[in-house]
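In what follows, a structure is listed as structure tokens, so that the remarks can point back to it.
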Amino acid sequence: MADHYPSFHALRQTEVEGRDFVIALQQRPSRVAIVAPHGGLIETGTTAIAEAIAADQLSCYSFSGLLPGNNQRLHITSTRFDEPRCHALLATVHTVLTVHGERSTADVVFLGGLDTRLGGQLQQALRNSGFAVAPHHNPGLQGRHPHNLCNRGRSGQGVQLELSRGLRSSLFLDHNSTDGLVPTPRLQLFAAAVRRGLHPHAGPAAGP
């Protein structure tokens, strides 16, 4: 499905921050940023998952839809996501890990991005914690375009996590709730596994 808006610049001509969407940014002294560009009610659960991965250690950014319905209209494809605060953050970190929601019912993490070495570390850490990991069959969901957000850190290579609906539903009591998500213990298990896979990439940021 084509995006309703071709860019954030176009989106903000109609949608109102604080009413239709909200942006959350926590910048910390780490080499890694966790980014959920389709958070809130766009790809449900991804903001909470990104925040759980970041904890109080890693920088974190989310763009969250707040509309009462049809939040998909706020979806901006990662290769065209041009929100200025996000891009300013990505310019300060070595590596970007993006968190997305995928629609399949299987309980699986679809791993992508250009940093295949880090991807391999994450795959091993997730599998060691009992999570299924696979590449996505759709090339458009593999995060391999150089303009994809996951590849916009200083290294030019990052990792994309496409989390199936089946997986996300196991991380919250009701991941489709509009009244706030209640995490299950599996969310912290997942987040801890990702942080282990990121180590030592996630150390203190280097100076300018």
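The values are calculated or read from the model by the stated rules, or taken from the named source; none is laboratory data. All values reported here derive from a predicted model rather than from experimental measurement. All Cβ positions, glycine included, derive from the backbone under ideal geometry; neighbour counts span all protein chains shown.
Considering segment 59-74, and only residues there that are within 13 Å of the chain's Cα centre (by Cα) and in contact (Cβ under 8 Å) with a residue 40 or more places away in the chain, the residue that is surrounded by the most Cβ atoms within 10 Å (Cβ to Cβ) turns out to be 63. Surrounded by 15 or more Cβ atoms within 10 Å (Cβ to Cβ) and either within 21 Å of residue 141 (Cα to Cα) or aliphatic (A, V, I, L, M) (or both) - does that describe any residue in segment 12-21? For segment 12-21, residues surrounded by 15 or more Cβ atoms within 10 Å (Cβ to Cβ) and either within 21 Å of residue 141 (Cα to Cα) or aliphatic (A, V, I, L, M) (or both): absent.
Going through segment 137-164 one residue at a time, which ones are part of a loop (DSSP other than H, G, I, E, B) and surrounded by fewer than 19 Cβ atoms within 10 Å (Cβ to Cβ)? Steps first, please.
The initial filter retains those residues of segment 137-164 that are part of a loop (DSSP other than H, G, I, E, B), namely 137-138, 142-148, 152-158.
Scanning segment 137-164 gives 137, 138, 142, 144, 145, 146, 147, 154, 155, 156.
Restricting segment 176-205 to residues that are of a type outside the set (Asp, Glu), more than 21 Å from residue 105 (Cα to Cα) and in a loop (DSSP other than H, G, I, E, B), the residue that is modelled with the highest pLDDT is 199. Remark: pairs (first residue in segment 179-208, charged (D, E, K, R); second residue in a helix (DSSP H, G or I) and modelled with pLDDT of 95 or more; Cβ separation under 7 Å; 6+ apart in sequence or on different chains) = 186/170; 186/171; 195/53; 196/125. Residue 36 fails exactly one of the following numbered conditions: (1) surrounded by fewer than 15 Cβ atoms within 10 Å (Cβ to Cβ); (2) under 15 Å from the mean Cα position of the chain (by Cα). What is the number of that condition? Every listed condition holds for residue 36 apart from (1).
For segment 94-107, taking the residues that are within 15 Å of the chain's Cα centre (by Cα) and of a type outside the set (D, E, K, R), the one that is nearest to residue 35 (Cα to Cα) is identified as 98. Checked against the criteria, residue 48 counts as of a type in the set (A, V, I, L, M, F, W, C), part of a helix (DSSP H, G or I) and surrounded by 22 or more Cβ atoms within 10 Å (Cβ to Cβ).
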